[in-house]
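Notes follow the structure.
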Amino acid sequence: MTTQWNQRPVTGSDDDGGEWLPVLDVPAPGQQRRWTVLLRWLLLIPQFVVVWALGIAAFFVTIVGWFAALFTGRLPDGIFQFLGSVLAYTTRVHASAALLVDHYPPFSFAAPEYPVQIEVRPTPLNRLAVLFRLILMIPVAIVGSLLQSGWLALGWVFWLITLVLGRLPAPLYAATAAVARYTLRLNAYTSLLTPAYPKRLFGDAPTPTKEAAPSGTRPLLLDTAAKVLVVLFLLLGAAGQTVNATTAYGADNSDATANVPTATP
């Protein structure tokens, strides 16, 4: 595995009141080989192991980066490069698992030819926002958790549809891409790669332009069906969390009742 992530070239701007948001580039939906769809998650098991190991390393590096950013107002270049590399690698694997692309992710940080690319720009960080980052990220982390849980609840349906049709239908693609981009921005915010709060879950506003779109997700446009799917992800995620909490609460009460001593006549 190479150890350097090649930041994609800066192309155009994505300003939001002076705040630049991390970008996800994924090709427009196209035909996929059915045999790779059938075996997609099985084939990605080695990649999931690598992502898990990189996640552990990134956790400790982020702690070091938090202290550095708290005192200097920025991430050191080496830490930014490593965390950006992990984010790019993880995003490629997740995009493949979510059926957004039909290309196997390389075991490499540097993958300039891979169809899934991200753009994260080094940006000064507000020290106060760094200090309270764990608190500030709670709302968006909850949204991200609900989105991912909701998508997983329907993931097998998307897999079956893609297996039958040989492609991911446009509304399913757009809704899945919206979750992938929000997750990218959440992870970038969590790891201090950006000061920009995750936003635009329901896509970008259409802008008149004569230039060809750089990718299927820039701009990311969601029709009504795709937006309904995103809302459904949130509702399914919330329902799943509620059921899990209720089940856990009921199990705890049952254990407590079973442990109560009974009076012996």
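The values are calculated or read from the model by the stated rules, or taken from the named source; none is laboratory data. All figures in this text were calculated on a predicted structure; none of them were measured in a lab. As a convention, Cβ positions derive from the backbone with ideal geometry for all residues, glycine included, and neighbour counts pool all protein chains shown. Side chains are part of the model used for accessible areas, which takes the heavy atoms of the whole protein and leaves out ligands, DNA and RNA. Shrake-Rupley method; radii C 1.70, N 1.55, O 1.52, S 1.80 Å.
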Considering residues of segment 159-172 that are open to solvent by 10 Å² or more (accessible area, probe 1.4 Å), touching a residue at least 12 places away in the same chain (Cβ under 8 Å) and not small (Gly, Ala, Ser) only, the residue farthest from LEU131 (Cα to Cα)
LEU163
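Can you tell me which residue among ARG200, ARG181 is under 20 Å from LEU232 (Cβ atoms), touching a residue at least 40 places away in the same chain (Cβ under 8 Å) and not in a helix (DSSP H, G or I)?
On the way: ARG181 fails: not in a helix (DSSP H, G or I).
Criteria check complete, one pass: ARG200.
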For segment 126-149, which residues satisfy the criterion of being among the β-branched types (Val, Ile, Thr) and buried (at least 18 other Cβ atoms within 10 Å of the Cβ)?
VAL130, VAL140
Within segment 70-95, work out how many residues are within 13 Å of VAL51 (Cα to Cα) and of a type in the set (S, T, N, Q).
3
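Among the residues of segment 203-231 satisfying the criterion of being outside any loop (DSSP other than H, G, I, E, B) and open to solvent by 70 Å² or more (accessible area, probe 1.4 Å), which is farthest from HIS94 (Cα to Cα)?
That would be THR224.
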Residues located in segment 115-125, provided they are open to solvent by 20 Å² or more (accessible area, probe 1.4 Å) and part of a loop (DSSP other than H, G, I, E, B):
PRO115, ARG121, PRO122, THR123, PRO124
Which pairs turn up if I take residues in segment 232-248 that are open to solvent by less than 40 Å² (accessible area, probe 1.4 Å) and look for partners that are polar (S, T, N, Q) with beta carbon separation below 6 Å, at least 6 apart in sequence or on another chain?
GLY237/SER149; GLY240/SER149
